[in-house]
Amino acid sequence: MIRTQLLDLGSAWAAKRWIRRQGLACVVDDQGFVVIAWNAFRARRTMAIDRSEGNHTRALGLALGYPRCCCREAAKRGDGQLDQWAATYSRSRPSGFSRMLDPAGYADGKSMLSHIPCGPRCTRSLQMARLVVRARHQLRTSKVKKGKVLDGRVRCHPLSQ
């Protein structure tokens with residue numbers, strides 16, 4: 001499950017067409033937010049949670065597949081404080097802090113994870129970060145053919161060098 005935002009609303013139609021060609025489902029709202037999922041029900045449900053009134057931080061995090069412990073901590077702060085929490089967390093560098101869990105760049109979408117870990121030793125977040133590192137390494141070092149299916153679900157489109 002992925003939630004992102006289009007920089008150009010005019011590209012929504014082309015983006016939706018490309019996503020569907022990959023065998024995935026997507027929903028785009030009027031502000032350009034996109035939810036991409038394995039099926040249309042999950043995409044629509046996640047978008048409905050995101051657009052709902054009130055504090056939906058925990059529910060949205062769970063829908064996006066984030067660890068329960070991290071969703072619980074994020075919900076204590078609420079949507080409006082997540083960027084500030086990420087910045088404070090990153091500056092504090094608690095003991096045992098793993099660089100893979102550093103939320104620096106979270107607000108810009110440039111951190112290793114798309115969620116803020118609940119703590120410096122969150123094993124679920126560390127597992128997710130290791131998967132990202134492994135996938136990046138495989139894409140950079142292999143000669144994957146365009147459209148090859150990885151993990152039985154994800155079609156690989158090699159990164160340009």
To check my understanding: the extent here is largest minus smallest coordinate of the Cα atoms along each principal axis. What are those three numbers for the range 1-51, in Å, largest first? 25, 24, 12
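Kindly put 139, 113, 126 in sequence by how many other C-beta atoms sit within 10 Å of each C-beta, fewest to most. Could you put the intermediate results ahead of the total?
Details: 139 14, 113 20, 126 17.
Ascending number of Cβ neighbours within 10 Å: 139, 126, 113.
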Cβ charges +1 (Lys, Arg) and -1 (Asp, Glu), total dipole of the range 1-51, debye: 280
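Ranking 41, 33 by Cβ neighbours within 10 Å, fewest first, what do you get?
Working: 41 10, 33 15.
Starting with the residue having the fewest Cβ neighbours, the order is 41, 33.
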Between residue 55 and residue 4, what is the FRET efficiency for a Förster distance of 22 Å, r being their Cβ-Cβ separation, to the nearest 0.05? 0.50
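Rule-based calculations on the coordinates, nothing more; no lab input. Since the model is a prediction, treat every value here as computed from it, not as a measurement. Note: ideal-geometry Cβ built from the backbone for every residue, glycine included; neighbour counts use all protein chains shown.
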